[in-house]
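**Q** Got a structure for you, questions after.
Just so you know, all these numbers are worked out from the coordinates, no wet-lab data involved. Note that the structure is predicted; figures quoted are calculated from it, not measured. Here the Cβ is made from the backbone with ideal geometry for all residues, glycine too, and neighbour counts use every protein chain on show.
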Amino acid sequence: MGICWPKPAKCAHASSSNFSGSAKTHSNTKQESTSSTQKSPMETSNKPFVASKPHTPVSSNLKADTSVSSSLKSFSFSDLKNATKNFRSETLLGEGGFGCVFKGWIDENKFAPTKPGTGIVVAIKKLKLESFQGHKEWLAEVNYLGQLRHENLVKLIGYCVEFENRLLVYEFMPKGSLENHLFKKGVQPISWVTRMHIARQVAQGLTFLHSLDANVIFRDLKASNILLDSDYNAKLSDFGLARDGPTGDNTHVSTRVVGTQGYAAPEYVATGHLTPKSDVYSFGVVLLELLSGRRAVDDENFGFSEETLVEWAKPFLSDNRKVLRIMDTRLGGQYSKKGAQAAAALALQCLHKDPKNRPCMTDVLASLERLHVTKDSSARTPQQLQTKLDHHGIKHVNSPHKARIPTTNSL
């Protein structure tokens, strides 16, 4: 199980609507948290832009860093070439501004490259040689995923640093990204039960990151960075923009604004002040996507206005009757009305303009646990729950097309 993209396309790491800015490695984080609180400019760019132990800086030469090499496998470039059949096009899973992701095969015990179809499948991210920004994010990824372990974080198996080559080796996630399941045309829509299961799992991952042991702000939560295993268990991926949370008397980390348009908290975009509540806002956006089946920013649906999904949906979230109008039509009405209303109310709390009025992720997780479907609790996985629904004649509505989001007046 691990990272997966279903076809050569825009990689989960990449976004055509990212903010650009410097991404400091972990070793610079404390300097950020005590830096000036002066407003940080937002720049747009077409570029795809077990409990933890104390973090240790990752140098550009990882061969000398025993804290990393002891927990991760150091691969040679030759090994990864063999694992991917010399990075042939048929092994390409996805690509973005940072580089490409390939499918590879390695021995489960020795991690040596094996023939396709033997051993275990892995996802290998290969950084573009000219990508300086990608190198910084690559270092951050090794630093965090090399030391953080949790069931809802994608597992980093190893890395390769050889001359200019920078690669990362992850577990393979067979179901791909949440983004594909929600928005890709022709893909079977996921059930309400599965959507709420995914929301809980994402909340578990963020709760762990925000814990005192980890104290990490993810900073780039979005549907494409949520990957699913064969049982639709969700894992957070892509820690290139992650930062240590504030410590001591500090209330925030001051940094240049990076992230993805439509997901970033408004106060962070305006000031560069980063807190765990920034992740809570992004979670609210993802929860809204799970409810509505709409993108945070969708050129196709929002082409007639400048509204984002949050701006469009907010007027409906506080009204128990109106909120049902935003629900994904591909669910075919097969969802708990009370559950949808409660989830919408939770999303509204997460999306509060004042970060002080947003719940912490621990409270968000507790709210989602209360929404757990009880009548089907005997099934162990969302996949089994969906099988039970199918057995009773409850099917998905498989419509690859979505109507344009109506304006408030038309509703």
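**Q** Among rounded, prolate and oblate, which fits segment 176-391 when a ≥ b ≥ c are the square roots of the eigenvalues of its C-alpha gyration tensor, a/c under 1.5 means rounded, and a/b larger than b/c means prolate? Don't skip to the end; give the middle numbers.
**A** Working: a/c = 1.66, a/b = 1.36, b/c = 1.22.
The shape class here is prolate.
**Q** For every other residue with a beta carbon closer than 14 angstrom to the beta carbon of Pro315, add +1 if it is Lys or Arg and -1 if Asp or Glu, then tell me the sum. Before the final figure, lay out each step's value.
**A** Numbers: positive: Lys314, Arg321, Lys322, Arg325; negative: Glu307, Glu311, Asp319.
With Lys, Arg at +1 and Asp, Glu at -1, the neighbours total +1.
**Q** In segment 251-341, which trypsin sites (Lys or Arg not before Pro) fall in coil by DSSP and have 12 or fewer other Cβ atoms within 10 Å?
**A** Values: sites: Arg256, Lys277, Arg294, Arg295, Arg321, Lys322, Arg325, Arg330, Lys337, Lys338; in loops: Arg256, Arg294, Arg295, Arg321.
For trypsin sites (Lys or Arg not before Pro) across segment 251-341 that sit outside H, G, I, E and B with at most 12 neighbouring Cβ atoms in 10 Å, the list reads Arg321.
**Q** Under a point-charge model restricted to the Cβ atoms of Lys and Arg (+1) and Asp and Glu (-1), what is the dipole moment magnitude of segment 176-391 relative to its Cα centre, in debye to the nearest 20?
**A** Numbers: 26 positive and 24 negative charges, 134 e Å.
Using Cβ point charges on Lys, Arg, Asp and Glu, segment 176-391 gives about 640 debye.
**Q** Of Lys73/Lys125; Lys110/Lys235; Lys81/Lys222; Lys175/Lys222, which sit over 22 Å apart, Cα to Cα?
**A** Working: Lys73/Lys125 15 Å; Lys110/Lys235 25 Å; Lys81/Lys222 31 Å; Lys175/Lys222 16 Å.
Result: Lys110/Lys235; Lys81/Lys222 exceed 22 Å.
**Q** Could you please report the charge total around Asp229, scoring K, R as +1 and D, E as -1 over all other residues with beta-carbon less than 9 angstrom from its beta-carbon? Could the numbers behind the result be given before it?
**A** Numbers: positive: Lys175, Lys235; negative: Glu171, Asp231.
Combined, the nearby Lys, Arg, Asp and Glu give 0.
**Q** Let me ask another. Among Thr118, Thr260, rank each residue by its count of other Cβ atoms within 10 Å, from fewest to most, as a rough exposure measure. Show your work: numbers first, answer last.
**A** Values: Thr118 11, Thr260 26.
Result, fewest neighbours first: Thr118, Thr260.
**Q** In segment 103-190, which trypsin sites (Lys or Arg not before Pro) are in a loop and have at most 10 other Cβ atoms within 10 Å, using DSSP for the loop call?
**A** Numbers: sites: Lys103, Lys110, Lys125, Lys126, Lys128, Lys136, Arg149, Lys155, Arg166, Lys175, Lys184, Lys185; in loops: Lys110, Lys128, Arg149, Lys155, Lys175, Lys184, Lys185.
The qualifying sites are Lys110, Lys185.
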